[in-house]
Each structure stands twice: as structure tokens, then as C-alpha cells.
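A short write-up of the structure that comes next.
The values are calculated or read from the model by the stated rules, or taken from the named source; none is laboratory data. This structure is a prediction, so every number in the text was calculated from the model and none was measured. With ideal geometry, Cβ positions are generated from the backbone for all residues, glycine too; neighbour counts draw on all protein chains shown. Just the protein is used for accessible areas: all its heavy atoms, side chains included, with ligands, DNA and RNA removed. Shrake-Rupley method; radii C 1.70, N 1.55, O 1.52, S 1.80 Å.
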Amino acid sequence: MNIETDFLHRVAAFLMVHILYDVPSVSALGVTPDIFVDELRFESNNVIDDLVLMTSQGRFFIQAKHALSLSDCCVSEYSSVLRQFIVQFCSENIKGDRYIIATNSGASPEITKELKNLAEMSRINGTHIIDSPQTDLERDVISKTRSLLEFHFKSVTGEELQKRVLEEIFSKIHVAVIDIEAGKPLEKAVMSLLADKSGMNSDEIWEAMISMCSNGKVILAN
């Protein structure tokens with residue numbers, strides 16, 4: 001199993017634990033106690049086919065990438081992620097949808113810090129951040145992200161990406177830093193939760209959940 005696939009399965013298992021044991025929030029994904037998680041779909045039929053969380057406040061489309069770097073190359077991994085966001089938006093755009101890049105702290109800081117902060121600021125202070133970056137680094141992140149979003153929107157629709165639509169798409173993007181690899185603190189916290197909630201061998205339960213995710217499509221309803 002390659003490292004990207006293992007990371008995807010671990011993220012899925014991490015979400016399964018929260019649903020099965022009624023943990024009220026998944027803060028890394030912005031799932032707060034007032035957001036009820038109804039269902040987890042693994043490798044769904046949606047365009048963004050890694051993971052989909054169905055919640056009381058919309059759908060969370062999750063692309064899990066163990067390592068991700070900022071790039072404006074149209075064949076880069078970052079480009080591939082943004083293309084899936086664009087195709088999902090164009091095929092079915094519903095209010096409350098979130099497009100989540102799940103990665104770890106070893107990914108490019110332009111993704112884990114700059115893009116994450118810019119997207120959050122766009123939701124808090126308005127999407128004008130796209131036109132008024134404050135630093136050269138912010139300008140670089142916005143320029144490359146905008147270039148790819150425009151490229152993929154035109155390739156999908158044959159039309160230019162209007163500023164209003166660009167702002168809407170950008171505001172839907174979230175970056176989740178999830179260090180769930182073997183031996184990392186988050187995995188240890190999950191194991192502790194499993195031991196406390198189940199009273200069984202947490203190692204065996206955790207490995208079984210990861211294995212379940214690796215063996216095919218999983219739809220888990222709460």
C-alpha cells in the first residue's frame with residue numbers, strides 16, 4: 001500500500017471513530033458540536049470521490065493528500081485537487097457544501113498555513129481577500145490558486161470564470177491538517193478514545209477500521 005492510500009484510509013477510519021462513538025465534533029474539519037454528522041461515504045459516486053461527510057449543515061467533500069505542494073502546473077497534484085472541486089461545483093453546487101483538502105503538517109506551508117488562513121479570512125471578512133493580498137506569499141498563493149481554478153473552470157464549462165463565481169468557490173475551500181499517521185499524537189488520541197469507549201483492544205479495533213476502509217466502499221450512517 002502506498003503512503004497516499006494509507007493516509008486516505010486512516011483519515012476515513014478517524015472519521016468513523018467520531019461517528020461510531022458519538023464524538024460531537026471533528027475540529028480539524030470544522031465540524032463543531034452544533035453540526036450533526038449523518039453519514040460518511042468512502043469513495044462515493046460524487047465527483048470528489050475520496051470521502052464525503054453528510055452533515056446537518058451541508059456536505060463536506062474531502063480530498064485526502066498525504067503530501068501536497070502549491071503549484072500552478074496544470075498536471076500537479078494541487079491542480080488535480082482543484083479540478084475535482086471545480087467539477088463538483090459545476091455538476092451540483094448546493095449551499096453549505098465545503099471542499100476540504102485534508103493533509104498533514106509535513107505538507108507545504110503554503111497549503112497548511114497560507115491557503116488555510118486565506119480561505120478562512122475570505123469567509124470571515126469577505127472574499128475581497130482575493131483582490132487585496134497583504135504579502136508577497138499571499139499574492140503567490142492566490143495567483144496560483146486562481147490561475148488553476150480559472151483554467152479548470154474553462155476546460156469544464158467552456159466559459160470564463162467570473163469573479164463572483166471564483167469568490168464563491170474559494171470561500172468553500174477548507175484546509176484540514178490531520179496528523180493521523182502511525183505513532184503520531186492524533187493516532188494515540190484515537191487509540192485512547194477507542195480503549196475508553198469500547199473496553200476492548202484498541203489496536204485491533206483501529207486496525208480493523210483501517211482495513212475496512214481499504215477493502216472497498218464504505219457508507220456509514222450515524
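Take every Cα pair under 8 Å in the stretch 126-206 that's 6+ residues apart, average their separations, divide by the length, and report that relative contact order as a whole percent.
Answer for the stretch 126-206 is 17 percent.
When only alpha-carbon atoms count, how far does the stretch 152-222 stretch along each of its three principal axes, as whole angstroms with the largest first?
Extents along the principal axes, in whole Å: 56, 26, 24.
Averaging sequence separations of C-alpha pairs under 8 Å and six or more residues apart, then dividing by the length of the chain, give the relative contact order as a whole percent.
About 26 percent, as a whole number.
Return the sequence-ordered ³J(HN,Hα) values of the stretch 4-15 in whole Hz as given by the Karplus equation 6.51 cos²θ - 1.76 cosθ + 1.60 applied to θ = phi - 60°, using x for Gly and Pro.
5, 5, 4, 5, 4, 5, 5, 5, 4, 5, 4, 5
Could you order peptides 131-144, 111-124 by the average number of other Cβ atoms within 10 Å of their residues, highest first?
Ranking the peptides 131-144, 111-124 by packing returns 111-124, 131-144.
Quick one: 3J(HN,Hα) in Hz for the stretch 104-121, Karplus 6.51/-1.76/1.60 with θ = phi - 60°, rounded, Gly and Pro as x.
3J(HN,Hα) across the stretch 104-121, in whole Hz: 10, 5, x, 6, 4, x, 5, 8, 6, 10, 5, 4, 4, 5, 5, 5, 5, 5.
Accessible area of the stretch 53-181 with a 1.4 Å probe: how many percent of it is carbon plus sulfur?
Reported share for carbon and sulfur atoms: 48 percent.
Calculate the all-directions average of the projected area of the stretch 87-152's alpha-carbon convex hull, and give it in nm².
With the hull built on Cα positions only, its mean projection is 5.1 nm².
Once the Cα atoms of the chain are picked out, what are the Rg and Dmax in Å?
That works out to 17.5, 56 Å for Rg and Dmax.
By the scheme Lys and Arg +1, Asp and Glu -1, what is the net charge of all other residues having a beta-carbon under 10 Å from that of I129?
It works out to a net charge of -3.
Treating the stretch 91-197 as a set of equal point scatterers at the Cα positions, no solvent, please give the Debye-formula log₁₀ I(q)/I(0) at q = 0.17 Å⁻¹.
Relative scattering, expressed as log10 I(q)/I(0), comes to -0.86.
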